[in-house]
Amino acid sequence: MSAPDIAAERLGADYFQDPYSVHARLRAQRPVTPVIMPGGATVWLVTGYAEGRAALADPRLSKRMPGWHPEPDSIFATMDLHMLNSDPPDHGRLRRLVNKAFTARQVERLRPRITAITAGLLDDMAGQPEVDLLASFAFPLPITVICELLGVPAGDRDDFRTWSATIVSDTPGPEVFQAHATAMARYFMALLAAKRQQPGDDLLSALLAARDDEDRLSENELVSMAFLLLVAGHETTVNLIASGMLALLLNPAELARLRADPSLTGSAVEELLRYVNPVSNATFRCAAEPLELGGVRIGRGDPVLVSLSGANRDPARFGDPDRLDLGRDSSGQLAFGHGIHYCLGAPLARLEAAIAISGLLARFGSISLAVPAASLRWRPSTLIHGLEALPVRLVRAEGESTGS
Ligand code: HEM
């Protein structure tokens with residue numbers, strides 16, 4: 001990064017536990033500021049809403065950063081050539097290949113299946129007085145849905161979860177990172193080879209046809225697409241459901257409001273997105289040419305990180321931003337990003353979260369934290385803001401104890 005006029009502040013591991021107070025302090029100084037991230041990268045961190053929204057839509061901020069991508073013949077290149085790492089025109093070509101499967105209309109057709117998976121998970125939890133809501137509910141729901149959509153065997157998901165958690169973590173160490181990223185790349189290559197032999201009625205089989213019959217994407221683009229859809233499809237919604245439930249448990253008046261009026265679910269999910277920010281910071285962008293943003297000059301080649309959780313708690317955009325208010329107008333929240341990379345899976349994530357949260361509240365008349373809130377830990381990732389675990393006590397809506 002070019003030497004900034006302003007000294008870069010080093011962010012420590014406490015940033016993962018409470019990014020909000022760090023963003024508030026930085027934003028109050030200036031909305032775009034150089035920082036050294038806990039993983040060691042020096043970046044321009046954008047914590048203001050207006051500046052973040054502008055940056056996400058700025059074509060001068062590119063996703064193909066010279067020197068930031070693996071060598072084309074490296075095994076990691078097989079996971080690098082996806083739409084979220086691409087600029088136009090490749091970005092549009094890749095996104096169009098899968099866009100149809102994720103429209104609100106298409107996703108609505110999944111409602112019965114998502115409802116059935118949710119009901120099964122609720123049944124499983126109903127016999128237990130205390131559960132980890134993250135492992136037993138918030139994780140299995142989106143991973144089952146995305147595995148079915150893509151045609152990925154659900155039995156592989158525990159391996160997949162481990163590799164993926166390492167890849168989005170800031171602190172795995174180079175050896176673990178290499179080992180897990182290699183295992184993930186090999187997994188996808190083997191999966192796609194098996195699907196070539198035996199195609200199914202699923203999205204990956206359709207993409208294989210686009211690759212082999214119509215030549216619309218390269219082999220590395222195909223593997224990268226599978227990687228992106230599976231990681232994006234399960235690392236994110238899990239945190240909307242789990243952190244969203246935690247936010248409701250810590251704000252009992254809002255929880256009571258939602259219980260009293262389930263028609264609030266849609267607006268509640270929007271406010272929970274604004275408030276809990278499953279993706280804390282967008283992915284890195286790089287200045288393809290010098291530009292001004294938020295009163296600072298960003299040099300050519302500098303990395304820029306838009307903090308979505310910073311933008312969503314900017315008091316200049318959302319009044320009293322640290323208050324959860326299910327009735328507020330949360331439109332314009334940036335939890336799904338903005339611009340050409342706006343989340344492809346937003347309709348699916350919204351539907352899953354609405355079904356999950358309303359299902360949970362309808363089934364359990366009382367849900368309470370089983371540990372002190374202060375003991376809950378957040379994962380060491382700059383990208384994902386998600387809990388390690390969420391132990392809760394559940395009591396069935398009929399008033400009988402879950403154990404009975
Ligand atoms: C609550 C859940 C989710 C959140 C908060 C979320 C958030 C985001 C954000 C912030 C971006 C843009 C990142 C950037 O510009 O750097 C993004 C992109 C993307 N998301 Fe999601 N996501 C969620 C669920 C999903 C799901 C369920 C899928 C399903 C496959 C998905 C697939 C994608 C894809 C493919 C992109 C890249 C789009 C592009 O580059 O054009 N996401 N998501």
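Quick note: the coordinates plus some simple rules give every number you see, no bench work behind them. Treat the numbers as computed from the prediction; the structure is a model and nothing was measured. Virtual Cβ from ideal backbone geometry, glycine too; neighbours counted across all protein chains shown.
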**OP:** Would you please report the Å³ per residue occupied by the convex hull of the alpha carbon atoms in the range 176-262?
**Re:** 139
**OP:** Quick one: compute the contact order of the chain, relative version, from alpha carbon pairs under 8 angstrom and 6+ residues apart, as a percent.
**Re:** 27
Subject >> Fraction in percent of alpha-carbon pairs per bin - 10 Å, the chain >> reply: 4, 22, 32, 26, 13, 2, 0
Original post:
Using the Cα gyration tensor of the range 250-404, with a ≥ b ≥ c the square roots of its eigenvalues, what is the shape: rounded (a/c below 1.5), prolate (a/b larger than b/c) or oblate (neither)?
Top reply: prolate
Original post:
How high is the relative contact order of the range 243-375, in percent, with contacts defined as C-alpha pairs under 8 Å that are six or more residues apart?
Top reply: 28
**OP:** Classify the range 1-77 as rounded, prolate or oblate from the Cα gyration tensor: take a ≥ b ≥ c as the square roots of its eigenvalues, call it rounded if a/c is under 1.5, otherwise prolate when a/b beats b/c and oblate if not.
**Re:** prolate
Original post:
Per residue and in Å³, how big is the convex hull formed by the alpha-carbon atoms of the range 229-283?
Top reply: 79
**OP:** Report the extension gain between A13 and D329 in nm, rounded to one decimal, defined as 0.36 nm multiplied by the number of residues separating them, less their alpha carbon distance.
**Re:** 110.5 nm
Original post:
Shape of the range 331-404 from its Cα gyration tensor (a ≥ b ≥ c, root eigenvalues): rounded if a/c is under 1.5, otherwise prolate when a/b > b/c, or oblate?
Top reply: oblate
Subject >> For the range 105-189, diffusion coefficient by Stokes-Einstein and Kirkwood Rh (Cα), 4 °C, 1.567 mPa s, µm²/s >> reply: 88
Subject >> Evaluated over the range 75-230, the Cα radius of gyration and Dmax, each in Å >> reply: 17.0, 53
Original post:
Tell me, Y20, Y342 in order of fewest to most beta-carbon neighbours within 10 Å?
Top reply: Y342, Y20
Original post:
For the chain, with only Lys/Arg (+1) and Asp/Glu (-1) charged at the beta-carbon, what is the dipole magnitude about the Cα centre, in debye rounded to 20?
Top reply: 680
**OP:** Enumerate the calculated ³J(HN,Hα) couplings along the range 110-119 in order (Karplus 6.51 cos²θ - 1.76 cosθ + 1.60, θ = phi - 60°), each rounded to whole Hz, writing x wherever the residue is Gly or Pro.
**Re:** 7, 3, x, 5, 5, 5, 5, 4, 4, 4
**OP:** Pop a pseudo-label 7 angstrom from the Cα along the beta-carbon direction at both R105 and M189 and give the gap in nm to one decimal.
**Re:** 4.0
Original post:
In whole Å, what is the distance between the alpha-carbon centres of the range 13-61 and the range 207-272?
Top reply: 23
Original post:
How far apart, in nm, are two points set 7 Å out from the Cα along the Cα-to-Cβ line at D156 and at E175?
Top reply: 2.7
Original post:
Based on the Cα atoms of the range 218-257, what semi-axes does the equivalent ellipsoid have, where each is the square root of 5 times one gyration tensor eigenvalue, given in whole Å with the largest first?
Top reply: 37, 6, 4
**OP:** Would you mind calculating the relative contact order of the range 172-315 from Cα pairs under 8 angstrom and at least 6 residues apart, reporting the percent as a whole number?
**Re:** 15
Original post:
Residues of the range 363-389 with amide nitrogen under 19 Å from the 7 Å Cα-to-Cβ point of W68?
Top reply: 381-385
Subject >> Bridge type composition, the chain - antiparallel percent by DSSP, nearest 5 >> reply: 85
Subject >> Relative packing of 262-271, 103-112, 354-363, 123-132, which averages over residues the other C-beta atoms within 10 Å, highest first >> reply: 354-363, 262-271, 123-132, 103-112
**OP:** Starting from the Cα-Cα distance between D215 and D261, subtract it from 0.36 nm times their residue separation and give me the gain in nm to one decimal.
**Re:** 11.5 nm
Original post:
What is the distance, in nm, between label points placed 7 Å from the Cα along the Cα-to-Cβ direction at L376 and at T283?
Top reply: 2.8
**OP:** Specify which residue in the list P290, L326, L308 is farthest towards the positive end of the charge dipole of the range 283-330, using unit charges on the beta carbon of Lys, Arg (+1) and Asp, Glu (-1), about the Cα centre.
**Re:** P290
Original post:
Length gain on complete extension for the stretch T115 to A77, per 0.36 nm per residue less the alpha carbon to alpha carbon distance?
Top reply: 10.0 nm
